[in-house]
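One structure below.
Bear in mind that the values in this text are calculations on the coordinates, not laboratory data. What you see is a predicted model, and the numbers here were worked out from it, not measured in a lab. Glycine also receives a Cβ, built like all others from the backbone with ideal geometry; neighbour counts cover every protein chain displayed.
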Amino acid sequence: TAVLFEAKVPASFWTYVVCCFVHVHNCILCSALSGVIPYSLWKKGKKLDVSYFWVFGSLTYVLICKKQHKALQPHTRCIFVGYAPGTRAWTFWDPVEHKFFNSSNAVFDEHCFPGNA
């Protein structure tokens, strides 16, 4: 609940918080595996790239493909809510359109949590 409060998102986002936590947790050292990262076991020793980890609920500006955006609006303000399974993309909530979607083209502001503000 602390994550929901900090991110200023509704309780209905709880499943996204859990999925995000599990994804990150699987990428940290595990004493039960003798200090091995579970991710490296699944990816057969592949080194983990942590550059795509971001703070849950943070403000993002997601690039919209040319077919979907207006001339003066190449991006949309969204909220980061997790990692898209099986891809290098992230999952976002668009508060204007009231929809979730995945994208790998975004700029993050981890110091701003727009949530219900």
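A few comments on the model shown:
- Inter-label distance, Glu110 to Thr87: 2.3 nm, where each label sits 7 Å from its Cα along the C-beta direction.
- As a calculated quantity, the FRET efficiency between Ile28 and Tyr52 at R0 = 25 Å, using C-beta atoms, amounts to about 0.95.
- Under Karplus coefficients 6.51, -1.76 and 1.60, residue-wise ³J(HN,Hα) of segment 91-101 in Hz, glycine/proline x: 10, 10, 10, 9, x, 7, 7, 6, 8, 9, 7
- Exposure proxy ranking for Tyr61, Tyr83, Tyr52, based on other Cβ atoms within 10 angstrom of each Cβ and starting from the fewest, stands as Tyr52, Tyr61, Tyr83.
- Two-site FRET efficiency, Phe21 against Leu63, from Cβ-Cβ distance with R₀ of 35 Å, rounded to 0.05: 0.85
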